1. Which residues, counting only those in the range 50-78, are of a type in the set (Ser, Thr, Tyr) and in a loop (DSSP other than H, G, I, E, B)?
2. Considering (1) farther than 18 Å from Lys164 by Cβ; (2) modelled with pLDDT under 85; (3) surrounded by fewer than 21 Cβ atoms within 10 Å (Cβ to Cβ); (4) among the hydrophobic types (A, V, I, L, M, F, W, C), say which one Cys121 fails and leave the rest.
3. Has the range 208-219 got at least one residue that is of a type in the set (Val, Ile, Thr), touching a Gly at 6+ places or on another chain (Cβ under 6 Å) and without any contact (Cβ under 8 Å) to a residue 60 or more places away in the chain?
4. Looking for whichever is farther than 25 Å from Glu126 by Cα and either part of a helix (DSSP H, G or I) or not aliphatic (A, V, I, L, M) (or both) here; the options are Asp291, Asp251. Which one fits?
5. Go through the range 74-112 residue by residue and tally those that are modelled with pLDDT under 75 and either on the phi < 0 side of the Ramachandran plot or surrounded by 16 or more Cβ atoms within 10 Å (Cβ to Cβ) (or both).
6. Hey, any hits in the range 254-274 for a residue that's touching a Leu at 6+ places or on another chain (Cβ under 6 Å) and assigned to a helix (DSSP H, G or I)?
7. Scanning the range 1-45 for residues that are within 18 Å of Leu96 (Cα to Cα) and not hydrophobic (A, V, I, L, M, F, W, C), which turns out surrounded by the fewest Cβ atoms within 10 Å (Cβ to Cβ)?
8. Can you tell me which residues in the range 174-195 are in contact with a strand residue (DSSP E or B) (Cβ under 7 Å, 6 or more places away or on another chain) and assigned to a helix (DSSP H, G or I)?
Amino acid sequence: MTSKEGKYNIKAISTMLGIQAGTLRAWERRYHIIEPVRNEAGHRLYSDEHVAILKWLIDKVNKGFTIGQAVGLYEKGSISLETNEANKHEDYSIQLSNEILDALLSFKENQANQLLNQAFCLFSIEKVTIDILGTLLVKVGTMWEKNEITVAHEHFVTAFLRTKIGTIFHSMPIDGFLPKVIAVCGPDETHELGLLIYTLFLRRKGFEVIYLGLGIPTGDIELVINEVGAQMFFTSCTMKDNLDITMKLIDDLHLKFPELVIGTGGYAFDHLNEDQQKEYGHYVVGKTKQDWEDWLKNQLQAK
């Protein structure tokens, strides 16, 4: 089935389908054929289902039907929005993510900047950070682990993403009523982008996140938790060799701060054995945005 989650703004739809924004608004007013959701700023957001409907209508208009006739066919049930029809269009965000990665791996920073600016013009901040930067992050990590790219490539891409994510991070408003959060990479970790993406998700929801990054001793972490009165703590571990010491960090903090909500993630936690899964599985926030939403909702409800 097609997704009903709003994810594309009107400019993205115009670019994707080759329809003028004014024409689309006129169709909506006259025929009420689709009803896009609105984001917090009141802007239209279209779902995959909306895209499928619009593609079908445009195809009929291109074949000689008037828009009124096409809408009539749709209302009579002459359109199927199941997988075969709806999945013909490729999510443009995936294409942009691939193009940004290609530019960065060729050390073309200016081109990558232009593509990323295009992404921000077309999509919401959340979609750009999760679906574009997040997808890019996973690909770079996989390529590095398989020795498909050099350390130089990995460092260049990482530096670019860290700068962009940092700029977004500090521009987001904070809800003072939400718990304060500390985010630290696991001991001996050298990869931080996964944790940065997750902290962007938290900041987008209004959490004040004190991001400490790499190489922070446990004693210093405890000091900061005490000093800022943090109620939540997140860490990450991407390298399997660091899994045991990351779990020890979790144990130490749970012992010292029994009321502290602790969450973790990263590729290394895919390698938990059965006993470790029973002991630490509830700390793992998951891999998708929906996983993160569900985990966070459960934790806040339990407080």
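1. Thr66, Ser78, listed by residue number.
2. Among (1) farther than 18 Å from Lys164 by Cβ; (2) modelled with pLDDT under 85; (3) surrounded by fewer than 21 Cβ atoms within 10 Å (Cβ to Cβ); (4) among the hydrophobic types (A, V, I, L, M, F, W, C), Cys121 violates only (1).
3. Taking every residue of the range 208-219 in turn, none turns out to be of a type in the set (Val, Ile, Thr), touching a Gly at 6+ places or on another chain (Cβ under 6 Å) and without any contact (Cβ under 8 Å) to a residue 60 or more places away in the chain.
4. Within the list Asp291, Asp251, the selection yields Asp251.
5. Of the residues in the range 74-112, 17 are modelled with pLDDT under 75 and either on the phi < 0 side of the Ramachandran plot or surrounded by 16 or more Cβ atoms within 10 Å (Cβ to Cβ) (or both).
6. Yes, the conditions are met somewhere in the range 254-274.
7. Taking the candidates together, the pick is Gly18.
8. Matches in the range 174-195: Gly194, Leu195.
The values are calculated or read from the model by the stated rules, or taken from the named source; none is laboratory data. Treat the numbers as computed from the prediction; the structure is a model and nothing was measured. Cβ atoms come from the backbone with ideal geometry, glycine included; neighbour counts cover every protein chain shown.
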